[in-house]
Each structure stands twice: as structure tokens, then as C-alpha cells.
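Scroll down for the structure; my scribbles are underneath it.
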Amino acid sequence: MANFYTFTQASAELQYRLGNRTDLGSGTQNRIALWLDTAQIQIASCVIACETLDVVSFPITTVEGQTEYGLYSILPPATDIIGIRVMRNNTEGVKMIRFPWTEYRSLNQQAQGPPLRWARLGYTLAFDPQPDDNGPYTIYMDYRRNPQRGVSELPNRFQDAWITAAEWIGWKALLKPERAAAAYGLLPVHLQQMLAQPLDMDQWEAMFDTDLGVYPLGFEYPYLTGP
């Protein structure tokens, strides 16, 4: 389904909302495009359903004896990642458990076997146990990617909020705090809260994690609360 706004249409709408100013540049100095890109990335980084940006079953093939895998160097590379939702050892048919990078670094040696746990620091993944000679194992990674720059990629239900967030960013950049506050107040309340407290990659992943989870207030799992 086509988006309500193309990037060009969103640029024109944002310019109107900013007083139809004509001094905001073009080409590499196009501040309108920069603010739209910034707003789109910030919304995509919120913990919301965003099916147009969620990559499912991205494959990683293990190498015997290799524990660490750089997301820049695997083929195809996964360098546009916001955060990982879940990892699955599809060869073994099991969901992999997330564990802390600090615990991975504390291991003196690793057992070899089918990878059952994963840890991440930056763009480096580590698996445990270390892949053995019964592999290679196919690891499926579900993750949220960053939107492309200069392309309208958010689902339609977020399109107006996207332009409003760009308006908020624009007024801040133009040193108009009252107008920025007014634009911010037009955003849905849940987006206001998430944009005010952006998550880093670890925090974003923790929101989808039942192993090392940091759960939102009021969010309960049956095994934590009992029958």
C-alpha cells in the first residue's frame, strides 16, 4: 500500500507548517530533508509496531570455531540495525537466549556445540556455545532497521506524527522554543514520552526480551506473576 505522503510531499507539507519559509536550503544543505530524516529515525527507534521496517529471518551462517560475527562483515551486511527483537538457531529449531556481553567476556573458555545464546556489543555478535563441526548452523535474526534517508518509510498511521515531529525538530533548530513546544504537544502522548527518553540499542532490545527483560510498568509475563 502506497504511503499517504511521499518524501517530496512530506517536505512540502513541513515547509508549509514552518511558515512556508524559502531559506531552508536545498541539495546537501536541505534542512527540511534533514529534519524529516531525523524525525523518521527517532520514531522508528521507539518501541512501536513498525512493520515496514522490521526485518524477519535475516540469516547468519556460522563458521566452525568462530564465536564472534561482525554485522558489517557478514553477507549480506546488517549495518542499518536499530535493535534485535529475537534470535533463533533454525538448524536446531530453538529460540536463542540473550545474555550479557560482560558475561561473554568473562568466559575463560567456551564449550563447543550448537549456539544457544547470543550477546551483542555495538555491531559485533557473539554466540555460545562456540559453533562446532556439526554445523554450519543457520541463525535467524529478526530486527528493526533504520529507515532510508530521503525515503518515506513509516507506516501510514505514523505519517502525520512524522511530519509533526519534524516540525518540532525544525522549530527547535530555528530557535523558536514556543512553536517547538506547540508542535511537540500535538504528537500522540505515547510518542511524546518515547521521544523524550530515547532508548539505546541495549534498552530497545530489552523491551522485547523475555530472558534479560526490562519490562514496562504494568507489563506482565505469566511466569513472573503465576497462574
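The values are calculated or read from the model by the stated rules, or taken from the named source; none is laboratory data. Note that this is a predicted model, so its numbers are computed, not measured. Quick reminder, even Gly has a Cβ in these numbers, built from the backbone with ideal geometry, and neighbours come from all protein chains shown.
Helices (runs of 4 or more DSSP H) wholly in region 155-202 with at least 2 residues that are over 24 Å from Asp54 (Cβ atoms) and in the same structural domain as Asp23 (by TED's automatic domain parsing) - which ones?
Result: 159-173, 177-185.
If a residue must be β-branched (Val, Ile, Thr) and closer than 14 Å to Ile163 by Cα, how many such residues does region 9-46 contain?
4
If you go through region 110-151 one residue at a time, how many are touching a Ser or Thr at 6+ places or on another chain (Cβ under 9 Å) and basic (Lys, Arg)?
1
Please specify each residue of region 87-119 satisfying the condition of being under 25 Å from the mean Cα position of the chain (by Cα), of a type outside the set (Phe, Trp, Tyr) and assigned to a strand (DSSP E or B).
Once the filter is applied, which keeps residues that are under 25 Å from the mean Cα position of the chain (by Cα), of a type outside the set (Phe, Trp, Tyr) and assigned to a strand (DSSP E or B), region 87-119 yields Met87, Arg88, Asn89, Val94, Lys95, Ile97, Arg98, Arg117, Ala119.
Filter region 21-65 down to residues that are in a helix (DSSP H, G or I) and modelled with pLDDT under 90 and give me whichever is nearest to Gly113 (Cα to Cα).
Looking at the filtered set, the residue picked out is Thr28.
Tell me which residues, restricted to region 120-154, are touching a helix residue (DSSP H, G or I) at 6+ places or on another chain (Cβ under 6 Å), buried (at least 19 other Cβ atoms within 10 Å of the Cβ) and part of a strand (DSSP E or B).
Hits for region 120-154 are Ala126, Arg144, Arg145.
Kindly provide the set of residues from region 183-227 that are among the small types (Gly, Ala, Ser), in contact with a helix residue (DSSP H, G or I) (Cβ under 7 Å, 6 or more places away or on another chain) and at pLDDT below 95, ordered by number.
The one that is among the small types (Gly, Ala, Ser), in contact with a helix residue (DSSP H, G or I) (Cβ under 7 Å, 6 or more places away or on another chain) and at pLDDT below 95: Gly213.
For region 66-86: of the residues being part of a strand (DSSP E or B) and not β-branched (Val, Ile, Thr), which is farthest from Tyr123 (Cα to Cα)?
Arg85
With the condition kept exactly as written, say whether any residue in region 69-92 is among the charged types (D, E, K, R), within 30 Å of Trp168 (Cβ to Cβ) and modelled with pLDDT under 95.
Checking region 69-92: at least one residue is among the charged types (D, E, K, R), within 30 Å of Trp168 (Cβ to Cβ) and modelled with pLDDT under 95.
Name the residue that is nearest to the chain's Cα centre (by Cα), counting only residues in region 58-80 that are under 22 Å from Ile41 (Cβ atoms) and surrounded by fewer than 19 Cβ atoms within 10 Å (Cβ to Cβ).
Within region 58-80, the match that is nearest to the chain's Cα centre (by Cα) is Asp80.
If a residue must be part of a helix (DSSP H, G or I) and either of a type in the set (D, E, K, R) or touching a residue at least 24 places away in the same chain (Cβ under 8 Å) (or both), how many such residues does region 10-20 contain?
Number of matching residues: 5.
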